[in-house]
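See below for the structure under consideration.
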Amino acid sequence: MMKSFGFLAAAVAATLTATAPLMAAGTGQEGYFQIYNNTDSNTVVGFYTNGGDGWSDNWLSNRLAPGDDVRATFHANTGPCEQTFQVGWLGTDGGEVLDDPVSIDICEASNVYLDDNEMYYD
């Protein structure tokens, strides 16, 4: 599934598919990164970016259960490295609960980790 992301529409699109853990990590600069749900009991239902002109559609086509990960692959080789991301978690009522937005230098990111109260990368 390919999505457009506001300011990134001409620059970056991503496909997320479930994968097994990788032996070698890539970076956004190499065209991909891995997203990990490191929670014990929270399910990710949304992953969004904002390049300055509004929030994207949901990158995820499937829920990301606790302990699962997906690979994000970019289909364009240009775009700003500094990105703002927001995660949507499955709420107790079945709806989506959005975390606070977080800025990430996606060109430096090999892995994006989603924990209960933080998002970080390495």
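Numerical summary
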{"quantity": "Heavy-atom accessible surface of the range 53-122: percent carbon and sulfur, 1.4 Å", "calculated": "43"}
{"quantity": "Area of Ser56 that stays accessible when all protein chains are in place (1.4 Å probe, Å², to 10)", "calculated": "10"}
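The values are calculated or read from the model by the stated rules, or taken from the named source; none is laboratory data. The structure displayed is predicted, hence computed values, not measured ones. The protein model used for the area step is the full one, side chains on, heavy atoms only, and it has no ligands, DNA or RNA in it. Shrake-Rupley method; radii C 1.70, N 1.55, O 1.52, S 1.80 Å.
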